[in-house]
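So the structure is just underneath, and the comments pick up after that.
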Amino acid sequence: MPLRRLAITSALALVVIAAAPARASADWLFTPYFGVNWGGSADFNQFNDSFEDEFEQKMNFGASLSWMGAGVLGFEVDFGFAPNFFENTSGDGDFEFGDSNVTTLMANLKVGAPFGGQHGAGIRPYASGGVGLMKMRIDDPSDLFEVNSTDWGFNVGGGVAGFFNDRFGLQGDVRYFRSLQDNEPDDEFDVALGSLRFWRGTVGFIFRF
């Protein structure tokens, strides 16, 4: 699907959901979280056409804001930040880049089942996925290799939210992130999978209102 059409379709879907009349049974969930990344890799064509590096586990943190209509179907905005993402790598090359990070901002559709209802204690397994932006930055102190790029990307995953009462709970979440690229920048959009990819696992504290 063309990148422009994909972005427009996703945006319209979120607008329709957001514009739907609010019901007493709807939930807003704000979840600050922290966790680790693993299985990450990126192909730096600016450095070497065949260079690919595998990255060690790195801490990340961020927050998500979700709206769940009737507790089942909704949308989510997720912001994540992984500092030092490219440092102390474990691939074939012994590279230790300086100041580096990966930032993600995703707009997702979310489906969950509130076992135990939407009030009081309960458990809600869910699945989530959507598209957004992935920003990769590397500042090399030697000025030999620097990257500062923002690309489209997608994420897909799921988790379990457990609520102690009407207002608070804990959430465990696992997701896969992958960048997208346009193979024909001077012509029509031709979307393909990009080189930046990683898994993210997080634990968060839920505020329900």
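The values are calculated or read from the model by the stated rules, or taken from the named source; none is laboratory data. The structure presented is a predicted model; accordingly, all values stated were derived computationally and were not measured. Here the Cβ is made from the backbone with ideal geometry for all residues, glycine too, and neighbour counts use every protein chain on show.
A few points about this structure:
- Test: F75 is modelled with pLDDT of 95 or more, part of a strand (DSSP E or B), more than 20 Å from K58 (Cα to Cα) and of a type in the set (F, W, Y): yes
- Residues of region 92-130 that are more than 24 Å from the chain's Cα centre (by Cα) and at pLDDT below 85: D92, G93, D94, F95, E96, G116, G117, Q118, H119.
- Hey, R197 modelled with pLDDT of 95 or more, of a type in the set (D, E, K, R) and either surrounded by 15 or more Cβ atoms within 10 Å (Cβ to Cβ) or within 19 Å of F86 (Cα to Cα) (or both) or not: no
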